[in-house]
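Below is one structure, written out as structure tokens; comments come after it.
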Amino acid sequence: MRWTIKPKPSEEKVKLLAEALNVEEFVATLLVQRGIETFDQAREFFRPTLADLHNPYLMKDMEKAVERIEKAIERGENILVFGDYDVDGTTAVSLVSAYLKTYYQNVATYIPDRYDEGYGISFQGIDFADDNGFSLIIALDCGIKSVDHVEYAKEKNIDFIICDHHLPGEFLPQAIAVLDPKRDDCTYPYDELCGCGIGFKLIQALGKNRNKTTEDLIPYLDLVATAIAADIVPMTGENRILAYFGLQVINSDPRPGFRALTHQLKKQTLDITDVVFIIAPRINAAGRIKHGNHAVELLTEFDFEQAQQFASEIEAYNSERKDLDKQMTIEALNQIAENKEEKRYTTVVFQENWHKGVIGIVASRLIETYYRPTLVFTKSGDKYAASARSVKGFDVYKALETCSEHLEQFGGHKYAAGMTLLAENYQLFKEAFEKVVEETIHPDMLTPEITIDAEINLTNITPKLTRILKQFEPFGPQNMTPVFLTKNINDTGYVQRLGANEEHLKLFVRQNNSEGMAAIGFGLGNKMELTTNKKPFEAVYCIDENEWNGKTSVQLRLKDIK
């Protein structure tokens, strides 16, 4: 691991903010690092309010979208709410369809089949709409590049409203309305919303049109918070407000589907990490293993007993996903070990019977072992399909663009992408991809980096600090959990390994004459010898609250030691 301490911000800014907020200077440093420099900005950060959400009508084409939906309702048209099969897409479809159905019944949902149709708007989906008398499709979390699909729908007298958050291509689809803050001609003040976030702005505008307030829409925020967490969008601005209130809904009055997924958990209060690691993978498992429709059924069900039935089916899909993921990762690691090649800058593996819905997860697992841009291929029909995952700082999408002559199609973003190619082009592509990565990656990017916010002493960790850090939540990109460095600490003699393979480390540490403090290091079992015999060491960690037997205590969650 590479340890990098963030540059110190301006001392003057830190001093002024510390005085204004009556906090220690290192807390003010954490805030200034996050772009919070004034008392008013700090108040917005620590006290999120729905009143700070922007007017949805500031988004380009919003009036057109609302007008077309209201016209459809007036005429009694059938409306199809269409979205992708991942968490962002299925939550967005659930949100918009459930909202419309509160006052209009001719609404149905459509999630494309991951295997038959692939990502985004499909011709098959448009044919379904045509065959079943739908004249308006609201597409969520997809469609910004679907120029041909929208044209095809037009020929069948089907209108489109597109709600997307991905980067547009050279031309926009000729839809009735295209809601996407990343459009060059859209001046909406915040352009980091996820697909479900755009869906929320649409229902906010529809509500405004019917004299409803944002407060009336709070029950839908559990869906929005889940999408924000799962889609790894910046935890800033509107996203942070929506996630903050959405978490409150998840913890106080969640929809039956969420209650069914979480009611057996021992944890009283779920945070954003629980949403990422407990709720999101289960919703995703439906589209990976069976069909994204199952996720929409769960999230729009209002009868708790029925929701429990759906949740237990999804739990079974998630178990199957875990087994596949485990098995495929072992096979991929064996394949890499067998092909002991010269130093490589990429990991590219292929097996024709690997499950297409799990290859992205396996790519992420391989990066945990071999930290380099990774592609996992499987057979899909008569072609090869792959998921790409990247390392911090390296744009894998750009690398794929450079090798695109060997690809049939590809799409994605900086850290994750998907592609298909013809079998005969696999070897050529593999060599081209290795070459472009070798020529463009900075050597430092091949070592995992831990970014440290500040160096502190253990005596700085007080109940007041823990309370303040709790108010930094919800955490996410651009507002990550603060990471601290403390030097010259030692174990008090209780160090032990935990876990089936003794892969974790449990310690009780102190620095000089400070009070002892519990620490846990997941995956750090192999570093135990650095801590024995009370030898001094350095640690980077987050400050955590540990719930056990109804008691809460502060502990250090170690990220690395040396």
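The values are calculated or read from the model by the stated rules, or taken from the named source; none is laboratory data. Please read all numbers here as calculations on a predicted model, not as lab measurements. All Cβ positions, glycine included, derive from the backbone under ideal geometry; neighbour counts span all protein chains shown. In case anyone asks, the SASA skips ligands and DNA or RNA and just uses the protein heavy atoms, side chains included. Shrake-Rupley method; radii C 1.70, N 1.55, O 1.52, S 1.80 Å.
Here are the numbers for the structure shown:
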| quantity | calculated |
| --- | --- |
| Selected residue [over 14 Å from the mean Cα position of the chain (by Cα) and open to solvent by less than 10 Å² (accessible area, probe 1.4 Å)] from ALA225, ALA285, ALA243, ALA280 | ALA285 |
| Out of THR273, THR269, THR226, sole residue that is of a type in the set (Ser, Thr, Tyr), modelled with pLDDT of 95 or more and out of contact with any Leu (no Cβ under 8 Å at 6 or more places or on another chain) | THR226 |
| Residue in region 152-166 that is without any contact (Cβ under 8 Å) to a residue 12 or more places away in the chain and either more than 26 Å from GLY287 (Cα to Cα) or not in a helix (DSSP H, G or I) (or both) present | yes |
| Strands (runs of 3 or more DSSP E) enclosed by region 286-396 - at least 1 residues per element that are of a type in the set (S, T, N, Q), under 29 Å from LEU261 (Cβ atoms) and touching a residue at least 24 places away in the same chain (Cβ under 8 Å) | 374-380, 383-389 |
| Condition met for THR481 (open to solvent by 40 Å² or more (accessible area, probe 1.4 Å), over 24 Å from PHE46 (Cβ atoms) and touching a residue at least 40 places away in the same chain (Cβ under 8 Å)) | no |
| Per-region count, region 144-182, residues modelled with pLDDT under 95 and open to solvent by less than 30 Å² (accessible area, probe 1.4 Å) | 3 |
| Pairs with Cβ under 8 Å, 6+ apart, first in region 458-475 and surrounded by 18 or more Cβ atoms within 10 Å (Cβ to Cβ), second of a type in the set (Gly, Ala, Ser) | LEU458/SER514; PRO474/ALA225; PRO474/ALA229; PRO474/ALA243 |
| Residues being closer than 26 Å to ASP382 by Cβ, surrounded by 12 or more Cβ atoms within 10 Å (Cβ to Cβ) and more than 22 Å from the chain's Cα centre (by Cα) - total across region 298-353 | 11 |
| Failed item in (1) out of contact with any Ser or Thr (no Cβ under 9 Å at 6 or more places or on another chain); (2) open to solvent by less than 50 Å² (accessible area, probe 1.4 Å), with TYR119 passing the rest | (2) |
| Residue satisfying all of: in region 494-514; in contact with a strand residue (DSSP E or B) (Cβ under 8 Å, 6 or more places away or on another chain) and assigned to a loop (DSSP other than H, G, I, E, B); farthest from THR459 (Cα to Cα) among these | GLU503 |
| Any helices (runs of 4 or more DSSP H) falling wholly within region 1-109 and containing at least 1 residues that are loosely packed, with under 13 Cβ neighbours inside 10 Å | 11-21, 39-46, 62-75 |
| Test: SER553 is open to solvent by 30 Å² or more (accessible area, probe 1.4 Å) and either in contact with a strand residue (DSSP E or B) (Cβ under 8 Å, 6 or more places away or on another chain) or part of a loop (DSSP other than H, G, I, E, B) (or both) | yes |
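This table checks each residue for (1) hydroxyl-bearing (Ser, Thr, Tyr); (2) open to solvent by less than 30 Å² (accessible area, probe 1.4 Å); (3) in contact with a helix residue (DSSP H, G or I) (Cβ under 8 Å, 6 or more places away or on another chain).
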{"position": "ARG497", "(1), (2), (3)": "no, no, yes"}
{"position": "GLU503", "(1), (2), (3)": "no, no, yes"}
{"position": "LEU507", "(1), (2), (3)": "no, yes, no"}
{"position": "SER514", "(1), (2), (3)": "yes, yes, yes"}
{"position": "LEU524", "(1), (2), (3)": "no, yes, no"}
{"position": "LYS527", "(1), (2), (3)": "no, no, no"}
{"position": "VAL540", "(1), (2), (3)": "no, yes, no"}
